[in-house]
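Undergrad: Pasting in a structure now, in structure tokens, and then I'll have a few things to ask.
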Amino acid sequence: MKETVVITGGGTGGHLKVADAFIEEFHKRGFKVIFIGSANGQDPNWFEDDKRLKKAFFLDTKGVVNKSFFGKIKALMQIVSQVSKCRTIFEKFNISRVISVGGFSAAPATFAAITTVDCYLFIHEQNSVMGKLNEKTARFASEIYSSFLPQSPVKDYPVNDDFFDNARIRDELKSVIFLGGSQGARAINDFALKVATDLTRLKIKIIHQTGKADFERVKDAYENLGIEADVFAFTNNLPEKMNEADFAVSRAGASTLWELCANSLPTLFIPFPHAAKDHQYTNAKFLEDKGLCYLLREEELSKEKFIEILKKDNYIISKKLVDSIKYNAIESIVDDMLDKS
Ligand SMILES: CC(=O)N[C@H]1[C@@H](OP(=O)(O)OP(=O)(O)OC[C@H]2O[C@@H](n3ccc(=O)[nH]c3=O)[C@H](O)[C@@H]2O)O[C@H](CO)[C@@H](O)[C@@H]1O
């Protein structure tokens, strides 16, 4: 019988999507899988009743970054108190492999892995700049996987096959999709509304993911402009929406960024300006340096610049994107982990 592995981490959709890919891969290979995340955040929504899991634990932990001094101390004390709980779980289920996808949810199980004899820790870092926890614990890991690190043994990002299956080379411009990441982005919503009339005049269809909080406002605004756009708060079928689009305007969260690459969809990235250590900017910069995307900060945005970008020959970018990422990253990462432990 195959052993039990622990997948830990979460907090935001970006981390959880990668956790989900690991759960699927280990489950497919016949391993038993335990998920350890936080009770505070999105983790339970994703994995509470997941049939692929032998068990899911949601611990009382909160983020440490962006807190006051006392808030940080409290959050750290909470994490410390959960480490021994994780060690008990490891002992009970005989855990020797822990895979962290980062985020504060990963802290207790990561520290427990480091302090447990004969337990291998593997880290998947999604972004171009290491998160606080990964930065502190990386030297204890048996391997760190990242699409941005030159020394990573696997550089492809774990993207669902659907994004590749729905890919196509863009050789015309009939529709633009606006994407705000898992939460939506007000700045992107405002920009879309600002250029909507021009896009309509150019006979370009608008597809727009607003995020839950801003949906009603944006929907009403399109109605007031008399524009029939495909507006939604969140979709479970993003690959299909991307396939319909010929150009994207998007935040530069790691998962979305590589999904757009897998889809061969030319993109103007507008990074979230308050992301830790400006990592969304450096995520997109990595692609921009290779001539694979456009990148503007919020304050650099203008209607004129955008229209100019749309008029460029984006066929070349779309074609180049085909070689920027390959299928089966998760299989290659798990193969590498099993070789090393
Ligand atoms: C504000 C912030 O700090 N955001 C971080 C967060 O972003 P966020 O959680 O937005 O992360 P990503 O862009 O990486 O992922 C969003 C995920 O949501 C999915 N999706 C989105 C919209 C939709 O309608 N349907 C849908 O399924 C996308 O396919 C994607 O897989 O985690 C990322 C990964 O660590 C980081 O790079 C981001 O910087």
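The values are calculated or read from the model by the stated rules, or taken from the named source; none is laboratory data. Small disclaimer: the values here were computed from a predicted structure and weren't measured. Virtual Cβ from ideal backbone geometry, glycine too; neighbours counted across all protein chains shown. What goes into the accessible areas is simple: the full protein's heavy atoms, side chains included, and nothing from ligands, DNA or RNA. Shrake-Rupley method; radii C 1.70, N 1.55, O 1.52, S 1.80 Å.
Undergrad: Being among the hydrophobic types (A, V, I, L, M, F, W, C) and loosely packed, with under 15 Cβ neighbours inside 10 Å: is that true of residue 179 here? Give the steps one after another, and end with the answer.
TA: Working: among the hydrophobic types (A, V, I, L, M, F, W, C): yes; loosely packed, with under 15 Cβ neighbours inside 10 Å: no.
Answer is no for this residue.
Undergrad: Tell me which residues, restricted to the stretch 167-201, are within 20 Å of residue 242 (Cβ to Cβ), without any contact (Cβ under 8 Å) to a residue 60 or more places away in the chain and away from the ligand (no atom under 16 Å from the Cβ).
TA: Residues satisfying the conditions are 196, 199.
Undergrad: I've got another one for you. Under the condition of being within 16 Å of the ligand (Cβ to nearest atom) and of a type in the set (D, E, K, R), which residue from the stretch 202-215 is farthest from the chain's Cα centre (by Cα)?
TA: So the first thing to find is which residues in the stretch 202-215 are within 16 Å of the ligand (Cβ to nearest atom), and the list is 206-215.
When the remaining residues are screened for being of a type in the set (D, E, K, R), the result is 212, 214.
Details: 212: 18, 214: 21 Å.
Only one residue tops the list, namely 214.
Undergrad: I need the strands (runs of 3 or more DSSP E) fully contained in the stretch 224-341, keeping only those with at least 2 residues that are open to solvent by 70 Å² or more (accessible area, probe 1.4 Å). Walk me through it before giving the result.
TA: Values: elements: 230-232, 247-250, 267-269.
Qualifying strands (runs of 3 or more DSSP E): none found.
Undergrad: Moving to a separate point now. State whether one or more residues within the stretch 190-197 are of a type in the set (Gly, Ala, Ser), within 25 Å of residue 317 (Cα to Cα) and at pLDDT 95 or above. Show your work before the answer.
TA: Initially, the stretch 190-197 is screened for residues of a type in the set (Gly, Ala, Ser), giving 192, 196.
Cutting the leftovers down to within 25 Å of residue 317 (Cα to Cα) gives us 192, 196.
Next, from what is left, pick out any that are at pLDDT 95 or above: 192, 196.
The answer is yes; a qualifying residue exists.
Undergrad: I would also like to ask the following. Quick test of your reading of the structure: residue 42 fulfils all but one of (1) modelled with pLDDT under 95; (2) in contact with a Phe, Trp or Tyr (Cβ under 7 Å, 6 or more places away or on another chain). Name the failing condition by number.
TA: For residue 42, the failing item is (2).
Undergrad: Now, a different point. Would a scan of the stretch 18-39 turn up a residue that is open to solvent by 40 Å² or more (accessible area, probe 1.4 Å), touching a residue at least 24 places away in the same chain (Cβ under 8 Å), of a type in the set (S, T, N, Q) and within 16 Å of the ligand (Cβ to nearest atom)?
TA: The answer is no, given that none of the residues of the stretch 18-39 is open to solvent by 40 Å² or more (accessible area, probe 1.4 Å), touching a residue at least 24 places away in the same chain (Cβ under 8 Å), of a type in the set (S, T, N, Q) and within 16 Å of the ligand (Cβ to nearest atom).
Undergrad: To continue, here is another question. Being assigned to a loop (DSSP other than H, G, I, E, B), open to solvent by 70 Å² or more (accessible area, probe 1.4 Å) and on the phi > 0 side of the Ramachandran plot, is that true of even one residue in the stretch 186-207? Working first, answer last.
TA: First, pick out the residues of the stretch 186-207 that are assigned to a loop (DSSP other than H, G, I, E, B): 202-204.
Those left that are additionally open to solvent by 70 Å² or more (accessible area, probe 1.4 Å): 202-203.
Then keep just the ones that are on the phi > 0 side of the Ramachandran plot; that gives 203.
Scanning the stretch 186-207 turns up at least one residue that is assigned to a loop (DSSP other than H, G, I, E, B), open to solvent by 70 Å² or more (accessible area, probe 1.4 Å) and on the phi > 0 side of the Ramachandran plot.
Undergrad: Would you confirm whether any residue within the stretch 136-157 is aliphatic (A, V, I, L, M), open to solvent by 40 Å² or more (accessible area, probe 1.4 Å) and within 15 Å of the ligand (Cβ to nearest atom)?
TA: yes
Undergrad: Working only within the stretch 244-262, note down all residues that are over 15 Å from the mean Cα position of the chain (by Cα) and within 13 Å of the ligand (Cβ to nearest atom). Spell out the reasoning first.
TA: Of the residues in the stretch 244-262, the ones over 15 Å from the mean Cα position of the chain (by Cα) are 244-249.
If the condition is that a residue be over 15 Å from the mean Cα position of the chain (by Cα) and within 13 Å of the ligand (Cβ to nearest atom), then 245, 248 are the ones that fit.
Undergrad: Moving to a separate point now. Looking at 207, 144, 169, 177, which one is of a type in the set (A, V, I, L, M, F, W, C) and farther than 25 Å from residue 315 by Cβ?
TA: On the way: 207 fails: farther than 25 Å from residue 315 by Cβ; 169 fails: farther than 25 Å from residue 315 by Cβ; 177 fails: farther than 25 Å from residue 315 by Cβ.
After applying the criteria, what remains is 144.
Undergrad: Oh, and also: Could you please find all residues in the stretch 92-115 being farther than 17 Å from residue 337 by Cβ and touching a residue at least 24 places away in the same chain (Cβ under 8 Å)? If you could, list the steps in order and put the result at the bottom.
TA: Going through the stretch 92-115, the residues farther than 17 Å from residue 337 by Cβ turn out to be 92-94, 103-105, 107-108, 111-112, 115.
Listed by number, the residues that qualify are 93, 94, 103, 104, 105, 107, 108, 111, 112, 115.
Undergrad: Now, a different point. Run down 123, 89, 95 and say which single residue is within 16 Å of the ligand (Cβ to nearest atom), among the β-branched types (Val, Ile, Thr) and surrounded by 17 or more Cβ atoms within 10 Å (Cβ to Cβ).
TA: Unique residue meeting the criteria: 123.
Undergrad: Same structure, new question: Name the residue, out of 10, 30, that is at pLDDT below 95 and small (Gly, Ala, Ser). Outline the logic, then answer.
TA: Numbers: 30 fails: at pLDDT below 95.
Criteria check complete, one pass: 10.
Undergrad: Please go through the stretch 158-176 and pick out each residue that is surrounded by 23 or more Cβ atoms within 10 Å (Cβ to Cβ) and assigned to a loop (DSSP other than H, G, I, E, B).
TA: Pass one, the stretch 158-176, residues surrounded by 23 or more Cβ atoms within 10 Å (Cβ to Cβ): 158-159, 163, 176.
Within the stretch 158-176, 158, 159 qualify.
Undergrad: Same structure, new question: Among the residues of the stretch 289-309, is any within 12 Å of the ligand (Cβ to nearest atom), in the same structural domain as residue 167 (by TED's automatic domain parsing) and within 22 Å of residue 186 (Cβ to Cβ)?
TA: At the first step, the residues of the stretch 289-309 found to be within 12 Å of the ligand (Cβ to nearest atom) are none.
No, there is no match, as no residue in the stretch 289-309 is within 12 Å of the ligand (Cβ to nearest atom), in the same structural domain as residue 167 (by TED's automatic domain parsing) and within 22 Å of residue 186 (Cβ to Cβ).
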